[in-house]
1. Just to be sure before I move on: is Ala177 assigned to a helix (DSSP H, G or I), under 25 Å from Asn41 (Cα atoms) and small (Gly, Ala, Ser) in the structure I sent?
2. Residues that are over 25 Å from Arg434 (Cα atoms), surrounded by 12 or more Cβ atoms within 10 Å (Cβ to Cβ), at pLDDT below 80 and aliphatic (A, V, I, L, M): does the range 310-329 have at least one?
3. Any idea which residue in the range 381-395 is surrounded by the most Cβ atoms within 10 Å (Cβ to Cβ), counting only those that are of a type in the set (A, V, I, L, M) and over 43 Å from the mean Cα position of the chain (by Cα)?
4. With respect to Glu76, is the statement that it is more than 21 Å from His134 (Cβ to Cβ), surrounded by fewer than 21 Cβ atoms within 10 Å (Cβ to Cβ), at pLDDT 60 or above and of a type outside the set (Ser, Thr, Tyr) true?
5. In the range 330-349, which residues are at pLDDT below 75 and loosely packed, with under 11 Cβ neighbours inside 10 Å?
6. Before we move on, is Gly398 at positive phi, touching a residue at least 12 places away in the same chain (Cβ under 8 Å) and surrounded by fewer than 19 Cβ atoms within 10 Å (Cβ to Cβ)?
7. For residues that are under 25 Å from Ile136 (Cβ atoms) and surrounded by fewer than 16 Cβ atoms within 10 Å (Cβ to Cβ), scanning just the range 52-65, find the one that is modelled with the lowest pLDDT.
Amino acid sequence: MRALRRLPRPRTLRARLTVGLVVLLAVSCAAVGLAAVVELNGFLTQRLDEQLVQVGTRFPESMEHDPPRTDHDGDEHLDTRRQATGTFGARLLDGRVTHKGLIRSGDPSADLDVDLTAADQRRLARLPADGRPHTIELSALHDYRVIASPGRDGDVLIVGLPLEPVEATVHRLERVAGIVFGLALVITGVAGALWVRWSLRPLSRVAATATRVSELPLASGEVALPPRAPVSDPRSEVGRVAAAFDRMLGHVEGALTKRHASEERLRRFAADASHELRTPVASVRGHAELALLHPGPVPAEVTRALERIAAESSRMGEMVDDLLLLARLDAGRPLERRPVDLTRLVLDAVTDARAAGPGHRWTLDLPEEPVTVTGDAHRLHQVLGNLLANARLHTPAGTEVTVTLSAGQGTARLSVHDDGPGVPEDVQPGVFERFTRAEHRRRAGASGGGAGLGLSIVAAVVEAHGGGVELESKPGSTTFTVLLSTA
């Protein structure tokens, strides 16, 4: 049973159907062959028993005289008339074999002697003298079909014929049946595989279409679905599957078209709104700063209000710039493609972060050789600035922030690690999505912070450069890793 479990199992439907067809045919062939062999063996054994009955006990009866009759030359004379070659005869008296003989040819003068072992004699002595055929194995003669009958002198007379012709015929049938059935299985297997393959062609087309659909980037932009799978016969199971699959693709295509249109409208709205808001926001900020420069006396409450107006308008301006940048990236606008020294960017960004967050400990781990990538220096500086600002705003004072830069195998690896409280687990899956903000700030007592666009800008800019960004976070250890190609 364990050996059967270890056998390789067909995985495809085509292979399973073909193997099932061959197995069923093999079982049928085995059943037919076994029935034919059993029937032929029974038929030939019955004919042999009839021949034994017809032969009678004339041959062993000639052994009843003690000593047996002799001819004029003084040799023992046994009655071998009408006896077939291979006929065995024996006489038992008181459970002991007194005489035995074997007709080796049709010549009565041929050698009649046969050697019997003690085990053979015991087997002959155990035969019931009921006049019915029995099968016995003699060491010198192999299998024999024998009849034991009581003699006239209180003895037992045994006559037998060999089973070798029956066994040879049965074995020949087994060989022929094995060859014929083997060829039938091979031919049926090949023909069945071709038939199953032809029958499942529509299903193969459906599978090929499904594979192409699964490889499409359905989550981004407008997607052109491949041509539908042809429906062969809608009344068949395969035809119904193909028809249902085509209807499903139609629904998916309609949903993707509507989603893409909705996203385009939202993207245009964000871009237009951001562009239109830049002017009034800048105007509000300018008027607030101008009012703060008024030379005359201004009440303290008014001054504080003007300062808040200036600060919030500045914050709103940054948010508008971020939204406009995301809209441009979503629209696929190309970025600059120039050599950028990441080492210099890291030095400048960490210097700015150290000035903005003197309460944190800033550590650099840079390679000896400069690391250069191709991209937009301003946007890459914005990526690093957002990651450092995220570490500074969401961790308490005294947190150590380590910036590491390395390069190898055509990839630049930039990581920002801090030993702060970590990103909450429920926030981590969507941390790079837009407007994602944790319910509880990573730093106790943190103020409102940004609008949740910083990390989404990081992900969008890095993806626009053909790279990727990852997050690994747990309490006491948070690492943002940016991967960029150096080729």
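The values are calculated or read from the model by the stated rules, or taken from the named source; none is laboratory data. As the structure is a prediction and not an experimental result, all values here were calculated from the model. As a convention, Cβ positions derive from the backbone with ideal geometry for all residues, glycine included, and neighbour counts pool all protein chains shown.
1. yes
2. So far as the range 310-329 goes, yes, one or more of its residues are over 25 Å from Arg434 (Cα atoms), surrounded by 12 or more Cβ atoms within 10 Å (Cβ to Cβ), at pLDDT below 80 and aliphatic (A, V, I, L, M).
3. Just the residues of the range 381-395 that are of a type in the set (A, V, I, L, M), to begin with: 383-384, 387-389, 391, 393.
In the following step, the residues that additionally are over 43 Å from the mean Cα position of the chain (by Cα) were identified as 388-389, 393.
On the way: Leu388: 25, Ala389: 18, Leu393: 17.
Among residues in the range 381-395 that are of a type in the set (A, V, I, L, M) and over 43 Å from the mean Cα position of the chain (by Cα), the one surrounded by the most Cβ atoms within 10 Å (Cβ to Cβ) is Leu388.
4. Numbers: more than 21 Å from His134 (Cβ to Cβ): yes; surrounded by fewer than 21 Cβ atoms within 10 Å (Cβ to Cβ): yes; at pLDDT 60 or above: no; of a type outside the set (Ser, Thr, Tyr): yes.
Here the answer is no, as Glu76 does not meet what is asked.
5. Those that are at pLDDT below 75 and loosely packed, with under 11 Cβ neighbours inside 10 Å: Gly332, Arg333, Pro334.
6. Details: at positive phi: yes; touching a residue at least 12 places away in the same chain (Cβ under 8 Å): yes; surrounded by fewer than 19 Cβ atoms within 10 Å (Cβ to Cβ): yes.
Yes.
7. As a first pass, look at the range 52-65 and keep what is under 25 Å from Ile136 (Cβ atoms): 52-64.
Filter again for surrounded by fewer than 16 Cβ atoms within 10 Å (Cβ to Cβ), leaving 53-54, 56.
On the way: Val53: 84, Gln54: 82, Gly56: 79.
Of everything passing the filter in the range 52-65, Gly56 is modelled with the lowest pLDDT.
Here is a yes/no grid of residues against (1) surrounded by 16 or more Cβ atoms within 10 Å (Cβ to Cβ); (2) assigned to a strand (DSSP E or B); (3) among the hydrophobic types (A, V, I, L, M, F, W, C):
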residue	(1), (2), (3)
Arg152	no, no, no
Glu167	no, no, no
His171	no, no, no
Gly182	no, no, no
Val186	no, no, yes
Gly189	yes, no, no
Trp198	no, no, yes
Pro202	yes, no, no
Val206	yes, no, yes
